[in-house]
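**Student:** Got a structure here, written out as structure tokens. Questions coming.
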Amino acid sequence: MMPEYLAPGVYVEEARFVQGPIASAPTSITAFVGVAVKGPLHTATEVGSFAEYSEIFGPVSPSSPLSLGVFLFFSNGGRKAVVVRTASAGTRARTVAADVIGDTLKGTGIHALGHSPTVDLLLTPDASAMSVREHDAVTKSALAFCEAHGIFYLVDPPHARVRRDPVATVVNWAARSSAIRHANAAVYFPRVVMSDPTGKLKSIVVPASGAVAGVYARTDIQRGVWKAPAGTDARLLGVGDVELALSETQMARLHGASINALRQFAGYGILAWGARTFLSQGTHSEWQYVPVRRLYLYIERSLQQGLAWAVFEPNDEPLWAQIRLSVSSFLNYQFRRGAFSGASARDAYFVKCGRDTMTSMDINNGRVIVQVGFAPLKPAEFVLMRLAFRTAHST
């Protein structure tokens, strides 16, 4: 109830500031960097549909893998994309590599994305057609940017121009790619076949990352970022076939190289049949699965944005208690949505912030240290069945 003021004067009402809950950071907003028919150069532009993309950057074109990637992204359930046009379609591959990498100080290429807190995925579809050296240079620069900004990178491997054994070629490339092995990346193989949107050709072969990013977005919306974007729910729409039909032996070789396979299944269509990050198989890391790594990046981004209010607050117990309450409430909401394993919240996560996480020097220097732990869900990649048969005469 508002107090009643009976005489003119200055009145002070005591009010207590209460911090609101931590909001979930957006996921699956995908950045595309590459060549397009038209549009602003080296400018991050948000689009909410392929029609909006076409209006700004021109129609879909077989000479622009970026346009095809954006087309497949929205066809598979993508909701929002951020496009950076680096050059006009038809530019030489060497120039494209330099333009895609861009310059940090000038804010060109990948760096045109700046410090956007909304981008969750990054794609560079043009890199697939580059030489291995140029491809890896783009990938290395993209991963450095992704690591600095908490972004996940979908890699199209360099297209093998040899036909004798494309699987061996891409596996050997992965074996030589120790410099670009990273928890913030996933590789998908082979390329996909789709109808030519221009109608000039019967079909065209395109990098798969755009369609896969759409599957990521669809999975995030339907199940959550903690669900592996793979399996019978991870159907690639808008494509009719894969460039190479994989055998079980080839699937095993790709799996051993941490490359996720795209495969045709009768009755289901083209499916993403893997959810591994591009870490070496021998690496004992908690980040070997795509949903586990993306869940961590999602929580990290949400807490960074949700705790910005704490900057310059008095570094004492009331602040620490408020942080513990805010973070615990956020994690409990994720737990109730099914993001963590564990029968109870106590088993699923913990939050610490206080004198058990900070020294006196930390407090005096204005550092607030929050420790957060959670038990992620891991994909059931191998379902083992032990069958016992009983005969009519057995006991």
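The values are calculated or read from the model by the stated rules, or taken from the named source; none is laboratory data. All values reported here derive from a predicted model rather than from experimental measurement. Virtual Cβ from ideal backbone geometry, glycine too; neighbours counted across all protein chains shown.
**Student:** A137 - would you say it is over 19 Å from A211 (Cα atoms), in a helix (DSSP H, G or I), hydrophobic (A, V, I, L, M, F, W, C) and in contact with a strand residue (DSSP E or B) (Cβ under 8 Å, 6 or more places away or on another chain)?
**Tutor:** For A137, the condition - over 19 Å from A211 (Cα atoms), in a helix (DSSP H, G or I), hydrophobic (A, V, I, L, M, F, W, C) and in contact with a strand residue (DSSP E or B) (Cβ under 8 Å, 6 or more places away or on another chain) - is not met.
**Student:** In segment 34-62, what count of residues is obtained for those that are assigned to a strand (DSSP E or B) and either outside the structural domain of C146 (by TED's automatic domain parsing) or within 19 Å of N76 (Cα to Cα) (or both)?
**Tutor:** Final tally of qualifying residues: 2.
**Student:** Going by the structure shown, is L254 assigned to a loop (DSSP other than H, G, I, E, B) and in contact (Cβ under 8 Å) with a residue 24 or more places away in the chain?
**Tutor:** no
**Student:** Kindly indicate whether any position in segment 170-182 is more than 27 Å from P26 (Cβ to Cβ), among the hydroxyl-bearing types (S, T, Y) and either touching a residue at least 12 places away in the same chain (Cβ under 8 Å) or touching an Asp or Glu at 6+ places or on another chain (Cβ under 7 Å) (or both).
**Tutor:** Narrowing segment 170-182 to residues more than 27 Å from P26 (Cβ to Cβ): 170-179, 181.
Imposing the further condition that a residue be among the hydroxyl-bearing types (S, T, Y) reduces the set to 177-178.
Narrowing further to those that are either touching a residue at least 12 places away in the same chain (Cβ under 8 Å) or touching an Asp or Glu at 6+ places or on another chain (Cβ under 7 Å) (or both): 177-178.
Scanning segment 170-182, I find at least one residue that is more than 27 Å from P26 (Cβ to Cβ), among the hydroxyl-bearing types (S, T, Y) and either touching a residue at least 12 places away in the same chain (Cβ under 8 Å) or touching an Asp or Glu at 6+ places or on another chain (Cβ under 7 Å) (or both), so the answer is yes.
**Student:** Now for a separate question. Could you go through segment 223-243 and let me know if any residue there is polar (S, T, N, Q) and in contact with a Cys (Cβ under 7 Å, 6 or more places away or on another chain).
**Tutor:** No, segment 223-243 contains no residue that is polar (S, T, N, Q) and in contact with a Cys (Cβ under 7 Å, 6 or more places away or on another chain).
**Student:** Assess whether G267 counts as being closer than 25 Å to R176 by Cβ, outside any strand (DSSP E or B) and free of Cβ contacts under 8 Å to residues at least 60 places away in the same chain. Please lay out each step first, then the result.
**Tutor:** Details: closer than 25 Å to R176 by Cβ: no; outside any strand (DSSP E or B): yes; free of Cβ contacts under 8 Å to residues at least 60 places away in the same chain: yes.
Taking the combined requirement at face value, the residue does not satisfy it.
**Student:** Next question, about the same structure. If you go through segment 239-260 one residue at a time, do you hit one that is in the same structural domain as H159 (by TED's automatic domain parsing), within 15 Å of the chain's Cα centre (by Cα) and closer than 20 Å to D136 by Cβ?
**Tutor:** yes
**Student:** Could you tell me whether segment 186-206 includes any residue that is under 22 Å from V292 (Cα atoms) and in a helix (DSSP H, G or I)?
**Tutor:** No, because not a single residue in segment 186-206 is under 22 Å from V292 (Cα atoms) and in a helix (DSSP H, G or I).
**Student:** Next question. Only one of (1) out of contact with any strand residue (DSSP E or B) (no Cβ under 7 Å at 6 or more places or on another chain); (2) hydroxyl-bearing (S, T, Y); (3) at pLDDT below 95 fails for Y333. Which number is that?
**Tutor:** Y333 satisfies all of (1) out of contact with any strand residue (DSSP E or B) (no Cβ under 7 Å at 6 or more places or on another chain); (2) hydroxyl-bearing (S, T, Y); (3) at pLDDT below 95 except (3).
**Student:** Report whether or not A261 is within 23 Å of L279 (Cβ to Cβ) and surrounded by fewer than 20 Cβ atoms within 10 Å (Cβ to Cβ).
**Tutor:** Here the answer is no, as A261 does not meet what is asked.
**Student:** Taking segment 270-297 as the search range and keeping residues that are surrounded by 16 or more Cβ atoms within 10 Å (Cβ to Cβ) and β-branched (V, I, T), which one is farthest from A252 (Cα to Cα)?
**Tutor:** Restricting to residues being surrounded by 16 or more Cβ atoms within 10 Å (Cβ to Cβ) and β-branched (V, I, T), the top hit is V292.
**Student:** Can you tell me which residue is nearest to the chain's Cα centre (by Cα) among those in segment 353-371 that are of a type in the set (S, T, N, Q) and part of a loop (DSSP other than H, G, I, E, B)? Give the steps one after another, and end with the answer.
**Tutor:** Within segment 353-371, the subset of a type in the set (S, T, N, Q) is 357, 359-360, 364-365, 371.
In the following step, the residues that additionally are part of a loop (DSSP other than H, G, I, E, B) were identified as 357, 359, 365.
On the way: T357: 30, T359: 35, N365: 35 Å.
Result: T357.
Residue by residue, here is whether (1) more than 20 Å from Y188 (Cβ to Cβ); (2) of a type in the set (A, V, I, L, M, F, W, C); (3) at pLDDT below 95; (4) surrounded by fewer than 20 Cβ atoms within 10 Å (Cβ to Cβ) holds:
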site: S54; (1), (2), (3), (4): yes, no, no, yes
site: L72; (1), (2), (3), (4): no, yes, no, no
site: N76; (1), (2), (3), (4): no, no, no, no
site: A81; (1), (2), (3), (4): no, yes, no, no
site: A87; (1), (2), (3), (4): yes, yes, yes, yes
site: R92; (1), (2), (3), (4): yes, no, yes, yes
site: G114; (1), (2), (3), (4): yes, no, yes, yes
site: T139; (1), (2), (3), (4): no, no, no, no
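**Student:** Here is a further query. Run D165 past the list (1) out of contact with any Pro (no Cβ under 6 Å at 6 or more places or on another chain); (2) more than 19 Å from G256 (Cα to Cα) and report the number of the one that doesn't hold.
**Tutor:** (2)
**Student:** Residues that are closer than 20 Å to I101 by Cβ, touching a helix residue (DSSP H, G or I) at 6+ places or on another chain (Cβ under 8 Å), outside any strand (DSSP E or B) and modelled with pLDDT of 95 or more: does segment 217-227 have at least one?
**Tutor:** No: segment 217-227 contains no residue that is closer than 20 Å to I101 by Cβ, touching a helix residue (DSSP H, G or I) at 6+ places or on another chain (Cβ under 8 Å), outside any strand (DSSP E or B) and modelled with pLDDT of 95 or more.
**Student:** When the residues of segment 36-52 are filtered to those that are touching a Phe, Trp or Tyr at 6+ places or on another chain (Cβ under 8 Å) and under 21 Å from M194 (Cα atoms), which remaining residue is surrounded by the fewest Cβ atoms within 10 Å (Cβ to Cβ)?
**Tutor:** That would be S49.
**Student:** Which of the following residues is of a type in the set (F, W, Y), free of Cβ contacts under 8 Å to residues at least 60 places away in the same chain and either assigned to a helix (DSSP H, G or I) or crowded, with 17+ Cβ neighbours inside 10 Å (or both): F335, F350?
**Tutor:** Answer to the selection: F335.
**Student:** Given the condition among the small types (G, A, S), modelled with pLDDT of 95 or more and surrounded by 13 or more Cβ atoms within 10 Å (Cβ to Cβ), answer yes or no: does some residue in segment 303-318 qualify? Outline the logic, then answer.
**Tutor:** If we filter segment 303-318 for residues that are among the small types (G, A, S), which is where we start, we get 306, 308, 310.
Within this subset, residues satisfying the condition of being modelled with pLDDT of 95 or more are none.
So far as segment 303-318 goes, no, none of its residues is among the small types (G, A, S), modelled with pLDDT of 95 or more and surrounded by 13 or more Cβ atoms within 10 Å (Cβ to Cβ).
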